[in-house]
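Single-structure report; data block below.
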């Protein structure tokens, strides 16, 4: 047993490679040679992990991936062991942390689309930007993420938090269109701007916006207040993930809009107004 398993990319990937087998739960039971022989799909062909990565260490639930794996798909899919961890020293591909239940994933670079889709626990921290559908649902799924936390230090694309059922999605930068679409519950916080049609079809969740947002006409103005749950959420993010958040946003005043009137719902959009 080693302290960690380190996978170092041999050469830049020139085609998508399925990395669903790179899960701490599984690697914790395998030695170095067995990890090298794990099957992966590269295009239409089945290969082994050792064809793409130098493997060091074994029988550990602490995994480090070194290199640009933006074409690596499904890293950490379904990871469920409490205390398990994945650190990506570079960019990560799509579906990273899909369906994860427990553990932590930290991505030093950018993350692809569908990061954390369908997750129900654990945490994902993206130090750079992330693509579309972060924390949303898998195709055909009625729900997006149902628990856990996704923290993005940069920006995210469209459909972030779509159909989210529970959990926290925090974005330090801007978010694209349809943020928090059809959210069922949970909290989406965007410290920057959000694109068009935010929180359409919201049923009960909360979308917090720190800068510009065009509130849909299906929402009605309710009040201006200091939401304690926003202050608690932002304080938690700042302390746990060591992110500098403007104290004016943490302690600020928000306009509350209730909706979406197009469905029977108790959703809300909280738009930052000024510091107290």
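Using the Cα gyration tensor of the stretch 62-135, with a ≥ b ≥ c the square roots of its eigenvalues, what is the shape: rounded (a/c below 1.5), prolate (a/b larger than b/c) or oblate (neither)? List each step's numbers first, then the result.
On the way: a/c = 1.76, a/b = 1.18, b/c = 1.48.
Since a/c reaches 1.5 but b/c is at least a/b, the shape of the stretch 62-135 is classed as oblate.
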10 Å binning of all Cα-Cα separations within the stretch 110-176, expressed as whole percents from 0 upward: 27, 60, 13
Would you calculate the separation in nanometres between label points at residue 243 and residue 59, each defined as 7 Å from the Cα along the Cα-to-beta-carbon direction? 3.8 nm
Using Cα pairs under 8 angstrom and six or more residues apart, how large is the relative contact order of the stretch 110-274, in percent? 15 percent
Return, for the Cα atoms of the stretch 157-204, the radius of gyration and Dmax in Å, separated by a comma. 9.3, 25
What residue among 228, 16, 198 shows peak mean-square fluctuation when the chain is described by a Gaussian network model with Cα springs under 10 Å? 228
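Using the reciprocal of the averaged 1/r over all distinct C-alpha pairs, how large is the Kirkwood radius of the stretch 89-207 in Å? Provide the component values of the computation, followed by the final result.
Working: mean 1/r = 0.0766 Å⁻¹.
Every distinct Cα pair counted, the radius reaches 13.0 Å.
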Relative to 2.2 N^0.38 Å, what does the C-alpha radius of gyration of the chain come to as a ratio? Two decimals please. 1.04
Springs between alpha-carbon pairs under 10 angstrom, Gaussian network model over the chain: which of 73, 207, 13 fluctuates most? 13
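Quick one: divide the alpha-carbon radius of gyration of the stretch 194-248 by 2.2 N^0.38 Å and tell me what you get.
Working: Rg = 13.3 Å, N = 55, 2.2 N^0.38 = 10.1 Å.
Cα-based Rg divided by the globular estimate yields 1.32.
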One computes Rg over Rh for the stretch 128-276 from alpha-carbon atoms, with the Kirkwood Rh, and obtains 0.93
Mean Cα-pair separation over length for the chain, i.e. relative contact order, pairs under 8 Å, 6 or more apart, %: 10 percent
Among 92, 11, 80, which one moves the most in a GNM of the chain with springs linking Cα atoms closer than 10 Å? 11
Least to most buried among 215, 69, by other C-beta atoms within 10 Å and fewest first, runs 215, 69
Ranked from fewest to most other Cβ atoms within 10 Å of their own Cβ, 182, 4, 172 fall in the order 4, 172, 182
With a point put 7 Å past each Cα toward its Cβ, work out how far residue 2 is from residue 15 in nm, to one decimal. 2.9 nm
In degrees rounded to 10, the 0-90 angle between helix 228-241 Cα long axis and the longest Cα principal axis of the chain is 30 degrees
Test of understanding: ordering 272, 41 by Cβ neighbours within 10 Å, fewest first, what list do you get? 41, 272
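A short reminder: the numbers here are calculations on the coordinates, not readings from a lab. These numbers come from a predicted model, not from an experiment. Here Cβ is always computed from backbone atoms with ideal geometry, including for glycine, and neighbour counts include all displayed protein chains.
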